[in-house]
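Q: Have a look at this one.
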Amino acid sequence: MNPFKKFKGKVAPLNKSNVDTDAIIPKQYLKSIKKTGFGDFLFDEWRYTDKGEPGDDCNKRDLNKEFVLNLSKYKESSILLTGENFGCGSSREHAAWAFADYGFKSIIAESFADIFYNNCTKNGILPIQLPKQDIKNLFKLEKDIDDFTLTIDLENQYIEYDEIHAYRFDIDDYRKKFLIKGLDEIGQTLQYLAEIKEFEKDRKQNFPWLF
C-alpha cells in the first residue's frame, strides 16, 4: 500500500450512525478477493436505485440522485465524515477495500467497530476518532462552507481547516508507523526477508532431512 502522507482533501458528509459493512459493500460482491474493483460498488444500495451484481457496468445503472456521493460537489472526495459505530456488522475486509478503491484516504467518525478500524489501517486508510462535539463542529463547518476541505497530518496527529478549527487525534504508535511507511502486514514481514532467507539456509544445512 502507499505511504500515508500529509494531505488536503475534500470532505463528503454521511451523517449516520451504525453504518454496517453490508451497507458499505453488499454481500454479493464478496466472492472476489482481488482487493480492486470495489469502488464502484461502495454504498451500492444507497448509490443506485437497482440491485447491483458483480460485473455490472455501473455507468449504465440508475443513480440515487440524493445520495451524497452522487452529488457533484462531493465528487473526488477523499475524506468521509460520519457518525458513531461506523463499520459495524460483519468483519469483511472488502469494506476497507471498497473505500481504498474509491479513493478515500481517511474516515473521520465518532467511533468505529474494532475490526473495521483494523482493516482500514491494514489497507492504507486512516480512521480518525474524534469526540462527539468535534464531529458536530465539523458537520456544521461542512454545511456552511462550499467545497469544504481538511488538512490531515498523521505524523503530528492533527486535522485542520484553519488556525481556529484544528483537532488533535489519537492513534497507537504501531499503526501510525506502518501507515506512514506504507507497509501492510506482509510488507512488515518482508522487511526481514534477508534474515528469513538466512534462517532457511541454515535450517536446510542443519536439518536436511526436513527438506
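Q: So for His94, His165, fewest C-beta neighbours within 10 Å to most, what's the order? Provide the component values of the computation, followed by the final result.
A: Details: His94 23, His165 14.
If I rank by nearby Cβ atoms, fewest first, I get His165, His94.
Q: Can you tell me the relative contact order of the range 63-165? Whole percent, Cα pairs under 8 Å, sequence separation 6 or more.
A: 22 percent
Q: Between rounded, prolate and oblate, where does the chain land on the alpha carbon gyration tensor, with a ≥ b ≥ c its root eigenvalues, rounded for a/c under 1.5, else prolate if a/b exceeds b/c?
A: Verdict is oblate for the chain.
Q: Under the 0.36 nm per residue contour assumption, what length would be gained going from the current alpha-carbon distance of Lys197 and Asp172 to full extension?
A: Details: separation 25, 0.36 × 25 = 9.00 nm, distance 3.07 nm.
Between Lys197 and Asp172, full extension yields an extra 5.9 nm.
Q: May I pose another question? Read phi for every residue in the range 140-153 and hand back ³J(HN,Hα) as whole Hz from Karplus 6.51 cos²θ - 1.76 cosθ + 1.60, θ = phi - 60°, with x for Gly and Pro.
A: So the J values, rounded to whole Hz, are 5, 4, 4, 5, 8, 10, 5, 6, 5, 10, 10, 9, 10, 10.
Q: For a quick check of your reading of the filter: which trypsin sites (Lys or Arg not before Pro) in the range 1-49 sit in a DSSP loop and have no more than 10 other Cβ atoms within 10 Å?
A: Listed in order of number, the matching sites are Lys31, Lys34.
Q: Next question. Expressed in nm to one decimal, what extension gain is obtained for the pair Asp146 and Asp20 from 0.36 nm per residue of sequence separation less their Cα-Cα distance? Please list the in-between numbers first.
A: On the way: separation 126, 0.36 × 126 = 45.36 nm, distance 2.87 nm.
Length gained between Asp146 and Asp20: 42.5 nm.
Q: Something else now. In whole Å, what is the distance between the alpha-carbon centres of the range 29-107 and the range 147-161?
A: 23 Å
Q: Suppose R0 equals 25 Å; then what is the FRET efficiency for Gln133 and Leu71 from their Cβ-Cβ distance, rounded to the nearest 0.05?
A: Details: r = 26 Å, r/R0 = 1.05.
So the FRET efficiency works out to roughly 0.40.
Q: From the backbone phi of the range 70-80, what are the Karplus-calculated ³J(HN,Hα) couplings (6.51 cos²θ - 1.76 cosθ + 1.60, θ = phi - 60°) in whole Hz, Gly and Pro given as x?
A: Computed from phi, the couplings for the range 70-80 are 8, 7, 4, 5, 10, 5, 6, 5, 10, 10, 9 Hz.
Q: Would you mind ranking Thr36, Thr151 so that the residue whose beta carbon has the fewest other beta carbons within 10 Å leads the list?
A: The most exposed by this proxy come first: Thr36, Thr151.
Q: Given Lys8/Lys75; Lys6/Lys105; Lys35/Lys105; Lys65/Lys140, which pairs have Cα atoms separated by over 18 Å?
A: Among Lys8/Lys75; Lys6/Lys105; Lys35/Lys105; Lys65/Lys140, the Cα-Cα distance tops 18 Å for Lys65/Lys140.
Q: For the range 37-158, rounded, prolate or oblate, judged on the Cα gyration tensor with a ≥ b ≥ c (square roots of eigenvalues), a/c < 1.5 rounded, else prolate if a/b > b/c? List each step's numbers first, then the result.
A: Details: a/c = 1.87, a/b = 1.29, b/c = 1.45.
Taking the square roots of the gyration eigenvalues as a ≥ b ≥ c, the range 37-158 is oblate.
Q: So, in nm, how far is label Arg61 from label Phe211 when the simple model puts each one 7 Å beyond its Cα toward the Cβ?
A: That separation, rounded to one decimal, is 5.0 nm.
Q: 5 Å is the cut-off here: which amide hydrogens, built 1.01 Å from N in the peptide plane, fall below it relative to Leu81, excluding neighbours closer than 5 in sequence?
A: Ala12, Leu14, Ile108
Q: Further question on the same structure: Express as a percent, rounded to the nearest 5, the fraction of DSSP beta bridges in the chain (both residues included) that run antiparallel.
A: 45 percent
Q: Nearest 20 debye, what's the magnitude of the dipole of the range 1-160 about its Cα centre given +1 on Lys and Arg Cβ and -1 on Asp and Glu Cβ? Mind dumping the intermediate values first?
A: Numbers: 23 positive and 25 negative charges, 45 e Å.
Approximately 220 debye in magnitude.
Q: Could you please rank Val11, Val68, placing first whichever residue has the fewest other Cβ atoms within 10 Å of its Cβ? Walk me through the intermediate numbers first.
A: Values: Val11 22, Val68 19.
Final ranking by Cβ density, sparse to dense: Val68, Val11.
Q: Mind listing the phi-derived Karplus ³J(HN,Hα) values for the range 84-93, rounded to whole Hz, using 6.51, -1.76 and 1.60 with θ = phi - 60°, and x for any glycine or proline?
A: Values per residue, Gly and Pro as x: 8, 6, 6, x, 6, x, 6, 8, 4, 6 Hz.
Every number here is computed from the coordinates shown, using simple stated rules; none is lab data. None of the values given here were measured: they were computed from a predicted structure. Cβ atoms come from the backbone with ideal geometry, glycine included; neighbour counts cover every protein chain shown.
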